[in-house]
Amino acid sequence: MNDALEKTLDEDVFAHLHASSALGAPLRHMHMRSGWLALLAIAGAGLFCWLAIWVVSGDSLTLDIAILRMVGDYRALPLKSLAPESFADYSYDAGSRFDESRFQGFSFEGIYRILSPYTDPIGLALYVEPTVGPNLRELESKAIVQKNFLDDRLVFAANLTLAQEMRWMKTDLNGSGEPASWDRETDLNLGIGVSYRFAPNWSAGIELEHEREYSSFHLSKKYRTNVATYLGPNIHYGGKDFFVTATFLTQVGGGKDYASDAGSSFVVGGRNYADDFEKDRLRIKAGYYF
Amino acid sequence: MSNLKWVWLPVAAISTSVYATTYFNVEQAQQAIFPGAKLTKSFLVLNDKQADEIANRTDVNVRNKEVRMWRVDGGGYFIVDEVVGKHEFITYAVGLNADGSVKQIEIMQYNESYGYQVRDPKWLAQFTGKTSAAPLKLEGDIKNISGATLSSRHITDGVKRLLATYDVAIR
C-alpha cells in the first residue's frame with residue numbers, strides 16, 4: 001500500500017515549519033489550525049495577530065480561511081515603522097497608533113508526500129498553497145525534508161519555501177501619487193527544526209528560520225530587500241482527539257535592509273523591523289478530530 | 001513579553017494521557033494465544049552484549065532490556081512488549097511456538113485515535129509462522145496500513161526484535 005496520498009491532518013511537532021509526516025488521518029476527521037500570533041514586543045508596543053482556520057476538505061487538500069487582526073501602538077517604536085505587510089496599501093501616519101482588521105483571503109493547502117520518513121530513509125513532501133484575497137494573490141511552495149531517529153521520537157525537518165505574492169497598492173508607499181498597481185514580492189525562506197518526544201504525548205524542540213525578501217519575482221541581488229533570522233523553542237501535545245503545537249521565535253542578529261539607505265534603514269541592533277519582520281513571533285496550531 | 005503568558009495556558013492546562021484503551025490484560029492475552037495452557041513467569045534482563053547483538057541483527061533499537069516472558073507448559077513462549085506509537089506506547093503480546101516461530105499476536109493496549117487497523121486479525125496474521133530468518137520489513141513481507149504507517153512499522157520492528165531476542169537470549 002502506498003501512503004503517499006494519505007489524508008494529511010497536518011498534526012505537526014513544529015508550528016512554523018512543516019514535517020513531511022503530517023499524519024494520515026481518515027477523511028472524516030476535520031482539521032482546525034489556529035494560525036499564528038506574533039507580538040511586537042519591542043518597547044511593549046504592539047500586538048499583531050493573525051488567526052486562521054484550516055478545514056480539511058480532501059485527501060491532502062486543506063481549505064484555509066484566514067482572518068487578519070492587527071493592533072499596535074507604534075508611537076513607542078524607536079524608528080519610523082511600517083504597519084504589517086498585509087496593510088501595505090493603507091495610508092497612515094507612521095508615528096501614530098494603528099488599529100485595523102481585515103480579511104486576508106482564502107487559501108488551499110496541499111501536501112503531497114513522496115517519501116515517508118517511516119518507511120524510507122528520509123521523508124520528502126511537496127507543499128503548495130495558493131491564496132486569493134481582495135488585495136492579495138500568493139503562491140507559496142515548499143520542499144519538506146524529514147529524518148527521524150530513536151524510534152521516530154527524535155525528528156529533524158528542513159523546509160525550503162518560495163512564496164511569490166502580489167499586493168494591490170492603491171497608491172505607492174511614498175504617497176507620490178503613482179497609479180494603483182500590483183506590488184510584486186518573493187520570500188525565500190530556509191527553516192530547520194528538531195523535536196524530541198520527551199514523554200508520552202509531549203514533544204519539544206527548537207526551530208530556526210532564515211528569511212530573504214525580494215521586491216520582484218526574480219531572485220537577483222538587484223531586487224533583494226530584507227533579510228532576517230529567527231530562532232526559538234517549540235512544544236507539542238498530541239492527544240486522542242486533539243493536538244496543540246506552539247512555537248515562539250525571536251529575531252536574532254544579522255538582519256539586513258538592502259532597500260533603504262543608512263539613514264532610514266529598518267535594521268536596528270541587528271534586527272530588521274520592516275513590515276514583514278516582527279521582533280517576536282508566536283504561532284499556535286490546534287486541531288480537533290471529530 | 002508578559003503578554004505572551006496567556007497563550008501558554010491552554011497547553012499547560014492539558015493533562016497527561018488519560019485515554020488508554022485496553023483490549024486484553026495479560027491473562028486474557030495468554031488465554032487468547034494459548035487457550036487452557038499453563039504459563040510460568042520467566043522474566044529476563046538482557047545484558048549489554050545481548051542487546052547489542054539484537055540491535056545489530058535487526059537494526060532495531062533495544063529500548064528496554066527487560067523481557068516480560070512466560071514459558072508455556074508443553075513448549076512455547078508468551079512475551080508482552082511495548083513499541084512507540086504516534087503519541088503513546090502500544091502494548092502487544094507475541095506467542096511463540098516451541099521452535100521460535102510466531103504463533104499469534106494480539107494488541108493489548110492501543111491509545112491512538114486512528115490506526116486501529118493494526119488490530120485487524122488479517123493484518124496480524126501476516127506474522128504467523130515468521131521466524132528470525134524472515135525479513136519482517138514493512139512494505140516488504142509485511143503490508144503497510146495506510147493511515148497507520150508509524151504503528152505498522154513499529155509493531156513490525158518490535159516482532160523482529162523479539163524474534164532476534166529468542167535467538168540470542170531465550171532458546
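FYI, it's all coordinate maths here, none of it is from the lab. Just so it is clear, the model here is predicted, and its values are computed rather than measured. For neighbour counting, all protein chains shown are included, and Cβ atoms are generated from backbone atoms with ideal geometry for every residue, glycine included.
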message: Can you compute 3J(HN,Hα) from phi for each residue in segment A:270-283, using the Karplus curve 6.51 cos²θ - 1.76 cosθ + 1.60 with θ = phi - 60°, rounded to whole Hz and x for Gly and Pro?
response: x, 9, 9, 10, 5, 5, 10, 9, 6, 6, 10, 9, 10, 10
- prompt: Amide H neighbours of B:ASN144 under 5 Å, counting only residues 5+ apart in sequence or on other chains, H built in-plane at 1.01 Å?
  reply: B:GLU139
query: Taking Cα centroids, how far is segment B:19-80 from segment A:226-263 in Å?
result: 46 Å
query: What FRET efficiency do you get for B:LEU44 and A:LYS222 if R0 is 60 Å and r is their Cβ-Cβ distance, rounded to the nearest 0.05?
result: 0.30
query: Can you pull the mean other chain C-beta count within 10 Å for peptide B:137-147?
result: 4
statement: Listed by chain and number, the residues whose amide H is under 5 Å from that of B:VAL67, excluding neighbours fewer than 5 places away on the same chain and using placed H, are B:LEU44, B:VAL45, B:LEU46
message: Sort A:246-258, B:116-128 by the packing proxy (mean of other Cβ within 10 Å over each peptide's residues), most packed first.
response: A:246-258, B:116-128
- request: Calculate the dipole size of segment B:25-132 relative to its Cα centre from +1 charges on Lys and Arg beta carbons and -1 charges on Asp and Glu beta carbons; express the result in debye to the nearest 20.
  value: 200 debye
field: lysines whose Cα lies under 26 Å from that of A:LYS221, excluding same-chain neighbours fewer than 8 positions away
entry: A:LYS80, A:LYS142, A:LYS256, A:LYS279
query: Using modelled amide H (1.01 Å from N, peptide plane; none on Pro or chain starts), what sits under 5 Å from the amide H of A:ASP183, excluding residues fewer than 5 places away?
result: A:ARG167, A:TRP168, A:MET169
message: Sort A:TYR273, A:TYR112, A:TYR127 by Cβ crowding within 10 Å, fewest neighbours at the top.
response: A:TYR112, A:TYR127, A:TYR273
